[in-house]
1. Checking the conditions here, which among Pro274, Pro199 is part of a loop (DSSP other than H, G, I, E, B) and out of contact with any strand residue (DSSP E or B) (no Cβ under 6 Å at 6 or more places or on another chain)?
2. Name the residues in region 108-130 that are without any contact (Cβ under 8 Å) to a residue 60 or more places away in the chain and either among the aromatic types (Phe, Trp, Tyr) or under 30 Å from Asp241 (Cα atoms) (or both), would you?
3. Select from region 171-196 the residues that are in a loop (DSSP other than H, G, I, E, B) and among the charged types (D, E, K, R) and list them in ascending order.
4. Please enumerate the residues belonging to region 351-366 that are without any contact (Cβ under 8 Å) to a residue 12 or more places away in the chain, in a helix (DSSP H, G or I) and either farther than 10 Å from Leu324 by Cβ or in contact with a Cys (Cβ under 8 Å, 6 or more places away or on another chain) (or both).
5. Can you name the residue in region 87-119 that is surrounded by 19 or more Cβ atoms within 10 Å (Cβ to Cβ) and part of a loop (DSSP other than H, G, I, E, B) and is also nearest to the chain's Cα centre (by Cα) among such residues?
6. Do we find a residue being charged (D, E, K, R), more than 22 Å from Glu350 (Cα to Cα) and either touching a residue at least 12 places away in the same chain (Cβ under 8 Å) or outside the structural domain of Tyr349 (by TED's automatic domain parsing) (or both) anywhere in region 282-296?
7. Please tell me if Pro67 is more than 15 Å from Asp20 (Cβ to Cβ), at pLDDT 95 or above and under 22 Å from the mean Cα position of the chain (by Cα).
8. Among Asp210, Asp241, which is the only one that is assigned by TED's automatic domain parsing to the domain that holds Arg329, in contact (Cβ under 8 Å) with a residue 12 or more places away in the chain, under 23 Å from Gly102 (Cα atoms) and among the acidic types (Asp, Glu)?
Amino acid sequence: MNYSEFKKDIIAYSKTIGIDKIGFTTPNPFTEMKNLLIRQEELDYQSGFEEKDIEKRVNPSLLFNQPRSIISIALAYPSKMKEAPRSKEGERRGIFCRASWGTDYHVVLRDRLQKLETYILSRVPDARMKSMVDTGELVDRAVAERAGVGWSGKNCSIITPEFGSYVYLGEMITNLPFAPDEPMQEGCGTCNKCVDVCPTGALIQGGQLDAKRCIAFLTQTKGFLPDEFRGKIGNRLYGCDTCQTVCPKNKGIDVHHHIEMEPDPEIAKPLLLPLLTMSNREFNETYGHVSGSWRGKKPIQRNAILALAHFKERAAVEVLIHLLKTDPRPVIRGTAAWALGKIGGKEAYEALKLYREKEQDQEVVGEIEKGLRFFDPELAER
């Protein structure tokens, strides 16, 4: 087998199945990434969603017997929504980040990787491969960077010259001796916009992220959102795009190559109030195909309540009182209480006073107290 020619054939085939970029690299350990991950762990900057064993994240040999190469792929996704509905008083809307538009990207990338595996096996029947999307052990970004797909930006995303950072990544470890591609030169230069505008200061410095402060992480947690972040979440239901939207390398980039990634505006930018009374079945039928649904409906509903508080949406008061009164989940009752205080008005004030006496859960009582502190009792009648 002439692996130089075979590599060219794979690159050509990849374009026919909707892979936007492809690169090849060695299976050597990712030493720089290992050092970075150790430092992140020491600083307690990890989210907790990652693979716990750092060695598995950086050493392909621990995941695959005698690897000889890694193939990295990237698929570009849209940055703009066609005919996006407007959020207005009485009909407030939340937003899912771009990485949760359309079909769950794990599904899309696995499809492309599976097709690539099938093609390779048709040419080399005894080939061995192991494919991963970002739930796998390896750090996608480290693989893509070394394979020349893009450079690792200060916003901790891979930035490609063609598609900016609006790309999904996946990789395939193989036992085939493909020649590695050259990594790209770093392209951020002196630009520091992503670090400067990060809403929570999660980007400590270029390339270093405190994941526990990142809104993308916070929107996926299931407990009470810490007070310091409640005013910063805005109307985000899942994820955050700020460090991408401000990036000059993303200016003017909007790629619509993949029909599966096209957003349904009513799902990507949904009305907030209907979310609050949605059953598990309704939620799964409506949102189950998007990546932002993976943690279930509770984080999304909690974030929707915070978004209504952000808008000070008075049309939500009745529903929020109903949640405070009847919802079995303390996080939802408590967040509703806080939001009622934020929105204000006599009806909200009276409800908080009433349920302060009735509530049994002490965390929820604490949230009711926070809600009441938003009021000046003398003004509550106005």
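The values are calculated or read from the model by the stated rules, or taken from the named source; none is laboratory data. Just so it is clear, the model here is predicted, and its values are computed rather than measured. Using ideal geometry, Cβ is built from the backbone for each residue, glycine included, and neighbour counts are taken over all protein chains shown.
1. Pro199
2. Result: Asp111, Leu113, Gln114.
3. Passing the criteria: Asp181, Glu182, Glu186.
4. Glu357, Gln362, Val365
5. Cys97
6. As a first pass, look at region 282-296 and keep what is charged (D, E, K, R): 282, 285, 295.
Cutting the leftovers down to more than 22 Å from Glu350 (Cα to Cα) gives us 282, 285, 295.
With either touching a residue at least 12 places away in the same chain (Cβ under 8 Å) or outside the structural domain of Tyr349 (by TED's automatic domain parsing) (or both) added as a condition, the list becomes 295.
Looking for residues that are charged (D, E, K, R), more than 22 Å from Glu350 (Cα to Cα) and either touching a residue at least 12 places away in the same chain (Cβ under 8 Å) or outside the structural domain of Tyr349 (by TED's automatic domain parsing) (or both), one finds at least one in region 282-296, hence yes.
7. Criteria not met by Pro67.
8. Exactly one of Asp210, Asp241 is assigned by TED's automatic domain parsing to the domain that holds Arg329, in contact (Cβ under 8 Å) with a residue 12 or more places away in the chain, under 23 Å from Gly102 (Cα atoms) and among the acidic types (Asp, Glu), namely Asp241.
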